[in-house]
Structure formats: structure tokens, C-alpha cells
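J.: This is the structure I want to talk about, given as C-alpha cells.
The values are calculated or read from the model by the stated rules, or taken from the named source; none is laboratory data. Owing to the predicted nature of the structure, the values given are computational and were not obtained by experimental measurement. Here the Cβ is made from the backbone with ideal geometry for all residues, glycine too, and neighbour counts use every protein chain on show.
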Amino acid sequence: MAILETHDIGKRYRRGRPWALRHVDLEVPDGSITALVGPNGSGKSTLLKSWIGFERPTEGRLTVDSVDPTRDRAGAVRRIGYVPQIPSLYRELRVEEHVTMAAALREGFDADLARRRLMELDIPADAPANELSGGQQAQVGLALALGTRAPVLLLDEPLASLDPLARREFLHVLVDAVRADGITALLSSHVITDIEQACDHLLVLGGGRVLLDLSIDGAIAEHRVVDTGRSMSPATVVGTFPGPDGERLDLITGDPSQGRPSSLEEVVLGHLAAGRMPR
Amino acid sequence: MMRGRVRTTLRLHRFELVSFALAFVVFVALAFLASAWVASLTPPLGCFGIEDGSDTPSVVACRVARRSFDEASGMTFGLTGPLLAITYVVGLFLGVPLVARELERGTTRLAWSLGPSRWRWYGTTVIPIAVILVVLTFASGVALDRFFAVTQPTIDPSESFTGFGARGGLGLAARAFLIFGIGVALGAIVGRSWPALLIGALVVTVVLGAGERFHQDVVLRAEAVLVAETDDTATFDQGQLFIDTRFRLPDGSMVGWDHFNGDPQALYDDNGNPRYPTYSLVVPGERYRFVEAREAGILFVLGLVALAIGGAAVARRRPG
């Protein structure tokens, strides 16, 4: 069952400008931690913002837990905990004041849960937001989003500016929370190792469309890697990408006897390379 | 729940609130102190009519008392300028950043993702500041009214249009509220504080200027009465609000300056005497309180309309 869905949605910011998203049909399985991967400008943020009602699709429709945010934005927001790309904390407020504010804004906000999570991370409640490190700010954002007790968590590249240790801690908290509460998380990220660590489903966006929609295990199992030009029929070449030493590699699907097993990073690279080619 | 949100709003705008509140408290207190001082020096009302050059003891006493009173009034008059200025600008400086700063800093992404109702967020952001603004500017208007009353002891401030728009709690609070509403709306639409502040200053100047003109040329003109002008200045009522000059033609019809195509010679005969009886179109001073209350009501409603436009912008726009 899917808790997040899009049906042929498209988004263009201005008439005459390129489409940020076009003909996107996807479903995010309920209870999954899904990675949303794609290059800059592939429409990841636009998609997440559309679900929470910050953007309005130009065409098509989308739902969150069967609620269409373009018709019932408040209903959609009630079902979503959102962590933006840049931590959007109030620099004038202390951590505890953010929790109080969240409780004032959101009916049913679990302030105790948010406080507990922050305490576990040793983030002082009386610390001013502008004195927190980037990782701590991201953790406060995550704690607030989890405190909403929403069934869906949308995370818009929250790891982008974090150091490896902060990323690891963030993902640990995320996975724990998702597993404990049975919620669904959609994590937009560039960092493949993070995705492998935390996610069980993969969505690859490129050129404004969905390039891949598979479980992480399925994605790895279904693809193999061969040196460019070595693949033989009936295998299908998905895309060609540079290997770690500059060699050209083909990501193929459909023939488990060829080449070697692919890594998740190679699956993503192959599909992103395919997404760059004209359709 | 509501209290927590209001507390957050006050905390977020603490710097502006404390700065303006301090300025108001200081200037209002000074205005009341100055009023008390000037009032203590006010000579008997009879002294204000004396134009006598004689040196009788009573006239000399009046002259001395008047000099002290005039000096005190002159020294303290300078207070009214800053108080009036902050009363007019506080609306923009408190209103514009309310939404614009949050959009600039991106904090609306957090607030609007936590709170399902943007109207509720908007209400709890705007209302506490609006209440503080109205209280501060009302106090300022009352202080200016009091100062006017003691420095113009021959005029009843409740029945005089002298100083209209520059005193009175209701009138000044309503003006500040409208300016605040315009500031909030522009901040929400433009989404950046400084550009919205500059545009706001322009819009407020135009709106208040055009509003005053419409009020005077259309509303007040319609209810003004004709008063015959005489050479006797003693009969001139200082409390009236002058609207226009009218002339009675021999056929009994009343005309204005435009009837003579701007030729003042047409108004006088060869001996320099007026050809036609002259009248002033005025609003009597007794209507001051009514006119002030009506204008305040209209300005409050316009302020609410501006705030509603700001709310609609918040409900529709991207969170920065």
C-alpha cells in the first residue's frame, strides 16, 4: 500500500521555462524508508514541497495518505513531519522554545518525545539555536518533525551540510524512530552510503522524471556492471558511467550471467547517466 | 497553547518592541511632565485677551505670566515632533518584518510545516503586536491631546479642529494601525524587509495623502456649513475646520474661486472693496469628536482590510 502517491504530475515554475517535474508517477510504500536520489535540479525538493503544500503542481495530482494537498493543505500538513534542507530554526529562540512553539502550532505535538530525543543527543534545551552546530540544528529539526507524530516524514536533503559523524547520528535517530513508530520516511539525499545504511527503497529522479523505483535489495540484485562495450544480448544497457579509475562502465539489467554484481552507487550512477540521455 | 505562540511572537520581535516601547514611554512621560509644568504656569484665561499697552498692575502681571507661559510652551513644544514621528513610523517598523523577516530567514518553512493553519499562525503573529501598537499609539495621542490642551488654554480640544491629525488617542492609534496593516501586507507580499519598508513608506505617504484629501474634499465638504466672513477677527472661531471660501453672487447663488477663473481683480470693485459677500465653508468645531471617531473607524476598517490582504498572501505564497 502506498502512503505517498503522484499521478502524472508536472511542475513548471513559469510558463515557457523548463519543467522541473514532468509525467511523474510514483508510489512510496507505507512503512518504508525511501531514498529519493537525483542530481541537482532533478525536482526532488519540488516533489517534497508539493506533498506538504509549499508548491502547487502545474498538472496531475498527488496525495499524502489519500489527502490531496492542493485541495486540503492543512490536512496534508497534519500528516507530514518535514525537515527542510537548511535548518530553519529561529536564531532568537532557544531549543526549548522551539519545542514550546511547535506544541503551540501543532495540535497533538508530542513535546515530551521531542525533548527526550534531544536529551538523548545531549543537545541542551537552553542553548540558543544560533549557537548549535549544523548537525545539532538538523537534529533539532528532526526531533520537531518526529514530535508531530505524523505518519509521514519528508526529509529534504537534511544531510547535505553535515559531517560524516553527524550524518551517521542523524540517520541512526531517523531509523530508530521510523522503526519504533511504524511511520514512512522519504529521504532526499546525494550520499549513497547514507542511503544504503538507512533506506529500504530507492527512487531515482532525473530530468524531471522517475528513472528507477525499486527496493534497495531489488535494485542491487537486478543490475550488473560490465566494461563498456562488453555486454552481449539479451542484456540491456541502462547507462554508461565513469568507474573509480576513469574507465567507462555499463550498468546492465536482464542477464545475471554477465559482468559482476553492481553496488548501489553504480545502480544510481547508471540510471542517472541514462537520465541525461535524450529520450 | 495560544499563550505559548503569543510569547514566541513577542520574543521574536523583542528588539523592535522594546526599542519602540521605551521610546514611547520616555516621550509620553516627558509630554505629560511638560504638560504639568506648562499647566502650572498658565495665567488666568482673562490674560489671553489683553492687547492693552497700559502698565496697570493687572496688565503687567498678566504680561509677566504670559511670558513665562509662552517660554515654557515654546521650550517643550519640541517634544511633540518626535512623539508624533514615532507614532507614525512605528506601524511600518513593527509591521513589515512580522512576515517578511520570517520569509527572508526561511523560518516559515519550519512554522508552516508544523502548523496546519497558516491563518492561525498569521493571527497569533499579528494580533499581539497590533494590540501593543494600538496601546502605545493611543497613549501617545492622549499625551499630545493633553499637551495641546495646556498650551492652548483658550481652545476646548474636544470642540476644535486645531491640531487635527496630530493629537487624540483614537485618531493617532487608528492611523498607526492602518500603517501597520499596510506594512504587514507588503512584508507578506514582497517577502523582504528592506524593500517592503521602502515601498511601504511610499504607499503610506500616498494612501494617507490621498485619504486626507478625499476626507476633506468629499466627506467633510458635504457636511460643512457656510459662515459669513466679517472683519471682526474676534468672532472667528479657531476651532472650525476651514474647507473653502465661497462668494454670494447678486442672483443669490454661491460660487467658489474657480467661478472667477483665478482672477482676483474680479472680486473687487475699483475702490478695492469686495464686490460680493464672502463666506467660509467650515466644519464647526463641535463636530470634532464625531469626525475624529468616524475617521478612526474608517482607518481601523482599512487597517483590517490591509491585514486581511496580508493574510491572503501568507495563505497562498511559498514559504521563502
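J.: Only one of B:SER35, B:SER40 is surrounded by fewer than 14 Cβ atoms within 10 Å (Cβ to Cβ) and either more than 14 Å from chain A (Cβ to nearest Cβ) or of a type in the set (Lys, Arg) (or both). Can you tell me which?
T.: B:SER40
J.: Okay, next question. Name the residue, out of A:LEU212, A:LEU202, A:LEU162, A:LEU146, that is more than 15 Å from A:LEU48 (Cβ to Cβ), assigned to a loop (DSSP other than H, G, I, E, B), touching a helix residue (DSSP H, G or I) at 6+ places or on another chain (Cβ under 6 Å) and not hydroxyl-bearing (Ser, Thr, Tyr).
T.: Numbers: A:LEU212 fails: assigned to a loop (DSSP other than H, G, I, E, B); A:LEU202 fails: assigned to a loop (DSSP other than H, G, I, E, B); A:LEU146 fails: assigned to a loop (DSSP other than H, G, I, E, B).
None of the others qualify; the one that does is A:LEU162.
J.: Do we find that B:ARG14 is closer than 30 Å to B:GLY123 by Cβ, within 14 Å of chain A (Cβ to nearest Cβ) and surrounded by fewer than 14 Cβ atoms within 10 Å (Cβ to Cβ) in this structure? Please lay out each step first, then the result.
T.: Values: closer than 30 Å to B:GLY123 by Cβ: yes; within 14 Å of chain A (Cβ to nearest Cβ): yes; surrounded by fewer than 14 Cβ atoms within 10 Å (Cβ to Cβ): yes.
Yes, satisfied.
J.: Can you name the residue in the range A:58-73 that is closer than 20 Å to A:ASP156 by Cβ and not polar (S, T, N, Q) and, of all such residues, is nearest to the other protein chains (Cβ to nearest Cβ)?
T.: A:ARG73
J.: Taking the criterion of being among the β-branched types (Val, Ile, Thr), touching a Phe, Trp or Tyr at 6+ places or on another chain (Cβ under 9 Å), more than 30 Å from B:LEU30 (Cβ to Cβ) and part of a helix (DSSP H, G or I), would at least one residue in the range B:57-79 satisfy it?
T.: Filtering the range B:57-79 for residues among the β-branched types (Val, Ile, Thr) gives B:59-60, B:64, B:76.
Then drop every residue that is not touching a Phe, Trp or Tyr at 6+ places or on another chain (Cβ under 9 Å), which leaves B:76.
Subset that is more than 30 Å from B:LEU30 (Cβ to Cβ): none.
No, there is no match, as no residue in the range B:57-79 is among the β-branched types (Val, Ile, Thr), touching a Phe, Trp or Tyr at 6+ places or on another chain (Cβ under 9 Å), more than 30 Å from B:LEU30 (Cβ to Cβ) and part of a helix (DSSP H, G or I).
J.: Ok, one more. Taking the range B:97-136 as the search range and keeping residues that are of a type in the set (Gly, Ala, Ser), assigned to a helix (DSSP H, G or I) and within 11 Å of chain A (Cβ to nearest Cβ), which one is farthest from the chain's Cα centre (by Cα)? Show your work before the answer.
T.: Narrowing the range B:97-136 to residues of a type in the set (Gly, Ala, Ser): B:100, B:106, B:111, B:113, B:115, B:117, B:123, B:130.
Remaining after also requiring assigned to a helix (DSSP H, G or I): B:100, B:111, B:113, B:123, B:130.
From the residues that got through so far, the ones that are within 11 Å of chain A (Cβ to nearest Cβ) too are B:111, B:113.
Working: B:ALA111: 36, B:SER113: 40 Å.
It comes out as B:SER113.
J.: Every residue in the range A:74-114 that is within 30 Å of A:PRO18 (Cβ to Cβ), touching a Pro at 6+ places or on another chain (Cβ under 8 Å) and within 8 Å of another protein chain (Cβ to nearest Cβ), please.
T.: Correct list: A:VAL77, A:PRO84.
J.: What pairs come up if the first residue lies in the range B:130-148 and is farther than 15 Å from B:GLU16 by Cβ, the second is of a type in the set (Phe, Trp, Tyr) and buried (at least 23 other Cβ atoms within 10 Å of the Cβ), and their beta carbons are under 7 Å apart, counting only those six or more places apart or on different chains?
T.: Pairs found: B:VAL134/B:PHE177.
J.: Filter the range B:276-317 down to the residues that are loosely packed, with under 15 Cβ neighbours inside 10 Å and outside any helix (DSSP H, G or I), then identify the one that is farthest from the other protein chains (Cβ to nearest Cβ).
T.: Across the range B:276-317, the extreme among qualifying residues is B:PRO277.
J.: A:ILE195 fails exactly one of the following numbered conditions: (1) of a type in the set (A, V, I, L, M); (2) outside any strand (DSSP E or B); (3) within 24 Å of A:VAL99 (Cα to Cα). What is the number of that condition?
T.: Going through (1) of a type in the set (A, V, I, L, M); (2) outside any strand (DSSP E or B); (3) within 24 Å of A:VAL99 (Cα to Cα) one by one, A:ILE195 breaks only (3).
J.: Turning to a different aspect of this structure: Please verify whether B:THR8 is within 21 Å of the chain's Cα centre (by Cα), polar (S, T, N, Q) and assigned to a helix (DSSP H, G or I), treating the condition exactly as stated. Let's see the steps before the verdict.
T.: Working: within 21 Å of the chain's Cα centre (by Cα): no; polar (S, T, N, Q): yes; assigned to a helix (DSSP H, G or I): yes.
Judged against the criteria, B:THR8 is not a match.
J.: Is it the case that A:GLU265 is outside any loop (DSSP other than H, G, I, E, B), farther than 24 Å from A:ARG22 by Cβ, assigned by TED's automatic domain parsing to the domain that holds A:GLN85 and touching a helix residue (DSSP H, G or I) at 6+ places or on another chain (Cβ under 7 Å)? Please lay out each step first, then the result.
T.: Working: outside any loop (DSSP other than H, G, I, E, B): yes; farther than 24 Å from A:ARG22 by Cβ: yes; assigned by TED's automatic domain parsing to the domain that holds A:GLN85: no; touching a helix residue (DSSP H, G or I) at 6+ places or on another chain (Cβ under 7 Å): yes.
In short, no.
J.: Report yes if A:MET101 is without any contact (Cβ under 8 Å) to a residue 12 or more places away in the chain, within 18 Å of B:THR125 (Cβ to Cβ) and not in a loop (DSSP other than H, G, I, E, B), otherwise no. Steps first, please.
T.: Working: without any contact (Cβ under 8 Å) to a residue 12 or more places away in the chain: yes; within 18 Å of B:THR125 (Cβ to Cβ): yes; not in a loop (DSSP other than H, G, I, E, B): yes.
Yes; evaluated as a whole, the condition is true for this residue.
J.: Among (1) buried (at least 18 other Cβ atoms within 10 Å of the Cβ); (2) modelled with pLDDT under 95; (3) in the same structural domain as B:PHE20 (by TED's automatic domain parsing), where does B:CYS62 come up short?
T.: If we test B:CYS62 against (1) buried (at least 18 other Cβ atoms within 10 Å of the Cβ); (2) modelled with pLDDT under 95; (3) in the same structural domain as B:PHE20 (by TED's automatic domain parsing), just (3) comes out false.
J.: Would you confirm, using the coordinates I've provided, whether B:VAL204 is outside the structural domain of B:TRP112 (by TED's automatic domain parsing) and assigned to a helix (DSSP H, G or I)? Can you show your working first?
T.: Working: outside the structural domain of B:TRP112 (by TED's automatic domain parsing): no; assigned to a helix (DSSP H, G or I): yes.
No: the conditions fail for B:VAL204.
J.: Taking the criterion of being at pLDDT 95 or above and over 21 Å from B:GLY163 (Cβ atoms), would at least one residue in the range B:210-231 satisfy it?
T.: Within the range B:210-231 (the criterion being at pLDDT 95 or above and over 21 Å from B:GLY163 (Cβ atoms)), the answer is yes, since at least one residue qualifies.
J.: Regarding B:LEU92, is this residue within 12 Å of another protein chain (Cβ to nearest Cβ) and at pLDDT 95 or above?
T.: Values: within 12 Å of another protein chain (Cβ to nearest Cβ): no; at pLDDT 95 or above: yes.
No.
J.: I'm checking my understanding of the structure. Among residues of the range A:126-149 that are surrounded by fewer than 24 Cβ atoms within 10 Å (Cβ to Cβ) and hydrophobic (A, V, I, L, M, F, W, C), which one is nearest to the other protein chains (Cβ to nearest Cβ)?
T.: It comes out as A:ALA129.
J.: Which of the residues that make up the range A:142-172 are of a type in the set (Gly, Ala, Ser) and in contact with a Phe, Trp or Tyr (Cβ under 8 Å, 6 or more places away or on another chain)? Talk me through it step by step, then tell me what you get.
T.: From the range A:142-172, those of a type in the set (Gly, Ala, Ser) are A:143, A:145, A:147, A:150, A:160-161, A:166; that's our starting set.
Within the range A:142-172, A:ALA145, A:GLY147 qualify.
J.: Further, regarding this structure: Tell me, please, whether a residue that is in a helix (DSSP H, G or I) and either over 16 Å from B:ARG109 (Cβ atoms) or of a type in the set (Ser, Thr, Tyr) (or both) can be found in the range A:50-67. It would help to see each step written out before you state the result.
T.: Our first condition is that a residue be in a helix (DSSP H, G or I); within the range A:50-67, this holds for A:50-51.
Next cut, either over 16 Å from B:ARG109 (Cβ atoms) or of a type in the set (Ser, Thr, Tyr) (or both) only: A:50.
Yes: one or more hits.
J.: Scanning the range A:22-57 for residues that are within 14 Å of chain B (Cβ to nearest Cβ) and among the β-branched types (Val, Ile, Thr), which turns out farthest from A:LEU153 (Cα to Cα)?
T.: So the first thing to find is which residues in the range A:22-57 are within 14 Å of chain B (Cβ to nearest Cβ), and the list is A:45-46, A:48-57.
Filter once more, so that each one left must be among the β-branched types (Val, Ile, Thr): A:46, A:52.
Working: A:THR46: 16, A:ILE52: 10 Å.
Taking the candidates together, the pick is A:THR46.
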